[in-house]
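Scroll down for the structure; my scribbles are underneath it.
The values are calculated or read from the model by the stated rules, or taken from the named source; none is laboratory data. In this text, all values refer to a predicted model and were calculated from it rather than measured experimentally. In case anyone asks, the SASA skips ligands and DNA or RNA and just uses the protein heavy atoms, side chains included. Shrake-Rupley method; radii C 1.70, N 1.55, O 1.52, S 1.80 Å.
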Amino acid sequence: MSMRIALPLLCPLFGLSLAACQSGNPYTGESEPIPPAPPIEQIQSPTYPAAPRDFSSYQSWSWRNPPAGTATLAGEELQEMVSGALDQRGLRPAPQGGKGDVQISASAQMETRVRQVYDDYGTRVGAGRYGGYGPGYGSGIGVGASAPIVRNYEEQVVTVRIEMIDSASGQTVWSNRAEARSGSNQAERKDAARDAVNRALADYPPR
């Protein structure tokens, strides 16, 4: 075939190829718009542990509500015990009618406790002779065990609870409770209440 005949045949084919290249691509990419940046106040900052409370900043105290007494302890006696224990720990009463750095709430009550005591003498081992002096004379070891004996005792205890409230924020910053075994007479119960107050404040200020 001559070149003159081939060129007219190639031109239509070349035109079709150009038309195919110029047609729209059915596989078009689509993308979602980028969302706007969140407001600055919504960006979370790193969380750090709260700074430890400085209990040395508390220098004075006042009653939140003066504590009431119990059947065997007057309210004034409990107030005097708590006031003396706070004074030993560097807290002074606020001026009359004023509000201290912390407010104190205290309460006391008599409670009955049932305690169990176990008497366990353990395993007993003994050695001895048996059989007399005739034939069959010999010695042996005996082992015996005893069951523990359980005894229940009822006793009276004085329970004291003390709470400290920050006067500026109104939040409880410290609280504790303690108990002490009480005797049967008035003097022993008063001593037990004072002991319980000192035990409750033993770990103030926290270290």
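Legend: residues I165, I149, sorted from most to least accessible area (1.4 Å probe; ligands, DNA and RNA excluded), read I149, I165. D54 contributes an accessible area of around 90 Å² to the protein surface, as traced by a 1.4 Å probe with all chains present. The amide H of W63, built 1.01 Å from its N in the peptide plane, has I104 as neighbours under 5 Å, considering only residues 5 or more places off or on other chains.
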